[in-house]
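Read the structure below first, then the notes.
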Amino acid sequence: MLTPLDHLPTWRAESGAAAPRRVVAADDTMSADTAYRLACEGTGLLWQGDFHNARQLLQALARRTERKPKKSKKPEASITPMQAFNLHRQTLGQRARILAMVIVPLEGDYTIPLRRAPDLKQACTEAWGPANGEACMVSLRELLGVVGAHEWRKKGVEIAALGEAPNNRIYPHYGVFSPVRGEYVDLVANTQIKDKSLAFDIGVGTGVLSAVLAKRGVQRIIATDQDPRALACARENLQRLQRLDKVELVQTDLFPDGKAPLVVCNPPWVPARPSSPIEHAVYDEGSRMLRGFLSGLREHLTPNGEGWLILSDLAEHLGLRTREELICWISEAGLKLVDRHDIKPRHGKATDDTDPLHAARAKEVTSLWRLAAAA
């Protein structure tokens, strides 16, 4: 029998998603089919059984969400790239909502009061800060994301442009996008720098581009970000790489005060609404950061200075933004194109013909746009 729960611990969700309206007790006796039905209805399943069985249940639900739906009457060829993108996002969103319904309790010190539960205190502390003594409940899927981030933070990402191992790794923190797409780093590592006295790094993230610029001999770098997590992550990485003496970290939206001969920005590439904090590194609703960078760049460049915009054209192939729009925004900002360097992606999805967005990904090119003030 399913037991409705009247008194629940605090709901914790990094995405800001509301707690399920109805939560019932669930344990090892619940079948995957029953769990799937309840999850699809929006009923939260607060797990009270074995922790490993909860993980197995989550995997079973994931398999059910991946079952192919009945074929649409609309011919696939008539679906535009934008419709394919929106359908893909809708599918992922629905899948995430279903999987979020498997919930586990956490005690006030991040202990998981379930049989065979691992000790995840360190991972939770890294992600959420010190425990505050208040019990809570959290989606198992989100908790496993915390564990995954903890593993990335321990292992790090090798960045060839930073030199030889082992001193060439960047360690992303929870909520800070990992620099696994190496193409944009290579563009910054290989494009000629005319004036190495000062550079602005707009949207520092993990600090990888600041580290590359410092390695290339830029004497001083001012790196900005709105997110305190990103700034903490960048500080730790730059300290480890012994580059922090050349980098000043500033919490602000886009530009710091002053002008620089080089201003670098790698904004989110796809103009769509993010559904979680980590997605802010991928999705830029309304092209806010891109347009903000372009509109403010001219006034932050020294005479003969350059702005480096690193941007994928995936949004163009998805029908979310046109090349003409981008060129128009550059012109309206009083900027001109000096040169552009292109590189093809190397990630697995670019060659995965089973990916729903394969047609667009196969055409994708990442570019470094060298921009200067127009006369």
Bin all alpha-carbon pair distances of the chain at 20 Å intervals from 0 and give each bin's fraction as a whole percent. 25, 51, 22, 1
Modelling each spin label as a point 7 Å along the Cα-to-Cβ direction, I'd like the GLU134/LYS349 distance in nm, to one decimal. 3.5
ALA362-LEU87 FRET efficiency (beta carbon distance; Förster radius 22 Å; 0.05 resolution): 0.75
Cα-Cα P(r), region 258-313, percent of pairs per 10 Å interval: 25, 44, 25, 6
Could you give the angle, 0 to 90 degrees to the nearest 10, between helix 288-297's Cα long axis and the longest principal axis of the Cα atoms of the chain? 20
Based only on Cα atoms, what mean projected area does the convex hull of region 3-152 have, in nm²? 10.5
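So if I place +1 on the C-beta of Lys and Arg and -1 on the C-beta of Asp and Glu, and nothing else carries charge, what would the dipole magnitude of region 157-373 be about its Cα centre? I want it in debye, nearest 20. Walk me through the numbers before you get to the answer.
Values: 27 positive and 29 negative charges, 97 e Å.
It works out to roughly 460 debye.
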Charges only on Cβ, +1 for Lys and Arg, -1 for Asp and Glu: so what's the dipole of the chain about the Cα centre, in debye to the nearest 20? 800
Report, to the nearest 10°, how far helix 51-65 tilts away from the longest principal axis of the Cα atoms in the chain, using its own Cα long axis and a range of 0 to 90°. 70
Tilt relative to the chain, helix 228-240 - C-alpha long axis, 0 to 90 degrees, to 10: 70
Least to most buried among ARG153, ARG169, ARG340, by other C-beta atoms within 10 Å and fewest first, runs ARG340, ARG169, ARG153
Give the Debye-formula value of log10 I(q)/I(0) at each listed q (0.11, 0.13, 0.16 Å⁻¹), with one equal scatterer per alpha carbon of region 157-373, two decimals each. -0.50, -0.71, -1.11
Filtering GluC sites (Glu not before Pro) in region 85-181 by DSSP loop and by at most 12 other Cβ atoms within 10 Å leaves GLU134, GLU164
Nearest 5 is fine: what % of DSSP beta bridges in the chain come out antiparallel, could you say? 40
In debye, nearest 20, what is the charge dipole magnitude of region 46-153 about its Cα centre with +1 on Lys and Arg Cβ and -1 on Asp and Glu Cβ, if you could check? 1040
Ranked by Cβ crowding within 10 angstrom, fewest neighbours first, how are MET289, MET101, MET30 ordered? MET30, MET289, MET101
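Here, each number is a calculation from the coordinates, and none is a lab measurement. All values reported here derive from a predicted model rather than from experimental measurement. Please note: Cβ atoms are built from the backbone with ideal geometry, for glycine as well, and neighbour counts cover all protein chains shown.
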